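First the structure, which I've put down as structure tokens, then a few questions once you've had a look.
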Amino acid sequence: MHLQITSLNSGSNGNCYYIGNDREAVLVDAGISCRETERRMKRLGLHMSKVKAIFVSHEHSDHIKGIPVLARKYNLPVYITPGTLYNCRLDFTGVQVQHFEAFEVMKVGQLEVKAFPKFHDARDPHSFIVSQQSINVGVFTDIGAPCNHVIEHFQLCHAAFLEANYDEGLLEKGHYPYYLKNRIRGGRGHLSNRQALNLFTAYKPDFMSHVLLSHLSKDNNNPQLVKELFSLHADGTEVIVASRFEETPVYTISGEAVRPKNIGKQISLFDALV
């Protein structure tokens, strides 16, 4: 038994993550155009006919702008909370809208998708775990700080899309206005490299085979820097930087569940922010 995963794009210009088995797949967010999604899937040898649903993390345009066309063209149900749908301000006419609630487990063929809340400056933001039997893949992006929900679910993952949005020094010295810097680092914006690394080193289970570092800032991060930083602490986990310009290769995830390390240990909100 295995899952296949890829990042079709990751960054403030668009986010779209593919997780599937041999028969069906889901997309978490669709922030690139329908045409570009199709092109990237085709280059990877993946088929849109396998995609059975889109799951929406929150309403920011880099996560939703491709949804209406993609969903209508392929008759895909879109799983979204009522609050997020209200704030999307997109035309969902003709789209199959399915509402979900936090901690609900939704079935898509043999896949199970579980949503859980996170810290982000959106109406009703959620992260997701996509599972098949004992294999779990998590999508942990657009997170201001690693709350206990994130910590708990991260420990279960055989693979994870993990946000490493900015280097603190680059952000501080960069050209962004002060209010935007504070939005990014203020606890409901994005994870810094250090926050992500702290989560990774403290809670990465021994069975995590892949981590895809995601949603890197174009201006406030450096892909080589963050890959080297995580590789020093990878301990057998393959470290991949998800690009904001192109798709990653397809990675095959397999394995059996093992008891997570540091069970019961938690990162406080203060620790997450410093």
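Quick check on the range 28-59: of everything there that is over 19 Å from Ser243 (Cβ atoms), out of contact with any Pro (no Cβ under 7 Å at 6 or more places or on another chain) and not β-branched (Val, Ile, Thr), which residue is most open to solvent (accessible area, probe 1.4 Å)?
His47
Filter the range 108-118 down to the residues that are surrounded by 21 or more Cβ atoms within 10 Å (Cβ to Cβ) and over 19 Å from Lys52 (Cα atoms) and list them by number.
If the condition is that a residue be surrounded by 21 or more Cβ atoms within 10 Å (Cβ to Cβ) and over 19 Å from Lys52 (Cα atoms), then Lys118 is the only one that fits.
Next question, about the same structure. Identify the residue in the range 195-241 that is within 19 Å of Gly169 (Cα to Cα) and aliphatic (A, V, I, L, M) and, among all such residues, is most open to solvent (accessible area, probe 1.4 Å).
Only one residue fits best here, namely Leu225.
Conditions tested, residue by residue: (1) within 19 Å of the chain's Cα centre (by Cα); (2) modelled with pLDDT under 95; (3) open to solvent by less than 10 Å² (accessible area, probe 1.4 Å).
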residue: Ala71; (1), (2), (3): no, no, yes
residue: Leu76; (1), (2), (3): no, no, yes
residue: Val95; (1), (2), (3): no, no, no
residue: Ala122; (1), (2), (3): yes, no, no
residue: Ser127; (1), (2), (3): yes, no, yes
residue: Ser131; (1), (2), (3): yes, no, no
residue: Ile135; (1), (2), (3): yes, no, yes
residue: Thr141; (1), (2), (3): yes, no, yes
residue: Ala145; (1), (2), (3): yes, no, yes
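Considering the range 175-219 alone, what residues qualify as being touching a His at 6+ places or on another chain (Cβ under 8 Å) and charged (D, E, K, R)?
Correct list: Arg188, Asp219.
A further question on this structure: Please return the ranges of helices (runs of 4 or more DSSP H) entirely within the range 164-204 where 1 or more residues are of a type in the set (Gly, Ala, Ser) and farther than 18 Å from Asp219 by Cβ.
On the way: elements: 168-173, 178-185, 193-203.
Those helices (runs of 4 or more DSSP H) span 193-203.
Of all residues being open to solvent by less than 60 Å² (accessible area, probe 1.4 Å) and out of contact with any helix residue (DSSP H, G or I) (no Cβ under 7 Å at 6 or more places or on another chain) in the range 183-194, which is farthest from Lys227 (Cα to Cα)? Just the residue, please.
Within the range 183-194, the subset open to solvent by less than 60 Å² (accessible area, probe 1.4 Å) is 184, 186-187, 189-193.
With the extra rule that they be out of contact with any helix residue (DSSP H, G or I) (no Cβ under 7 Å at 6 or more places or on another chain), the set shrinks to 186, 191.
Working: Gly186: 24, Leu191: 15 Å.
The selected residue is Gly186.
Please tell me if Ile67 is more than 19 Å from Ser214 (Cα to Cα) and crowded, with 22+ Cβ neighbours inside 10 Å.
Details: more than 19 Å from Ser214 (Cα to Cα): yes; crowded, with 22+ Cβ neighbours inside 10 Å: yes.
Yes; evaluated as a whole, the condition is true for this residue.
Within the range 54-62, is even one residue touching a residue at least 12 places away in the same chain (Cβ under 8 Å), among the charged types (D, E, K, R) and part of a strand (DSSP E or B)? Quick ask: steps written out before the conclusion?
Restricting attention to the range 54-62, the residues satisfying the condition of being touching a residue at least 12 places away in the same chain (Cβ under 8 Å) are 54-62.
Okay, now just the ones that are also among the charged types (D, E, K, R), so 59, 62.
Applying the additional criterion that residues be part of a strand (DSSP E or B) yields none.
Looking through the range 54-62, none of the residues is touching a residue at least 12 places away in the same chain (Cβ under 8 Å), among the charged types (D, E, K, R) and part of a strand (DSSP E or B).
Moving on. Which pairs turn up if I take residues in the range 239-257 that are modelled with pLDDT under 95 and look for partners that are buried (at least 18 other Cβ atoms within 10 Å of the Cβ) with beta carbon separation below 6 Å, at least 6 apart in sequence or on another chain?
As it stands, the answer is Gly255/His158; Gly255/Phe207, since those pairs meet every condition given.
All but one of (1) open to solvent by 10 Å² or more (accessible area, probe 1.4 Å); (2) farther than 29 Å from Leu197 by Cα hold for Val105; state the number of the condition that does not hold.
Checking Val105 against (1) open to solvent by 10 Å² or more (accessible area, probe 1.4 Å); (2) farther than 29 Å from Leu197 by Cα, the one that fails is (2).
Each row is one residue, and each column tells you yes or no for (1) without any contact (Cβ under 8 Å) to a residue 40 or more places away in the chain; (2) of a type in the set (Asp, Glu); (3) touching a Gly at 6+ places or on another chain (Cβ under 7 Å).
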{"site": "Gln4", "(1), (2), (3)": "no, no, yes"}
{"site": "Ser12", "(1), (2), (3)": "no, no, no"}
{"site": "Arg35", "(1), (2), (3)": "yes, no, no"}
{"site": "Arg39", "(1), (2), (3)": "yes, no, no"}
{"site": "Arg43", "(1), (2), (3)": "no, no, no"}
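The values are calculated or read from the model by the stated rules, or taken from the named source; none is laboratory data. Remember, it's a predicted structure, so these values are computed and weren't measured experimentally. As a convention, Cβ positions derive from the backbone with ideal geometry for all residues, glycine included, and neighbour counts pool all protein chains shown. We work out accessible area using only protein heavy atoms, side chains counted, and drop any ligands, DNA or RNA first. Shrake-Rupley method; radii C 1.70, N 1.55, O 1.52, S 1.80 Å.
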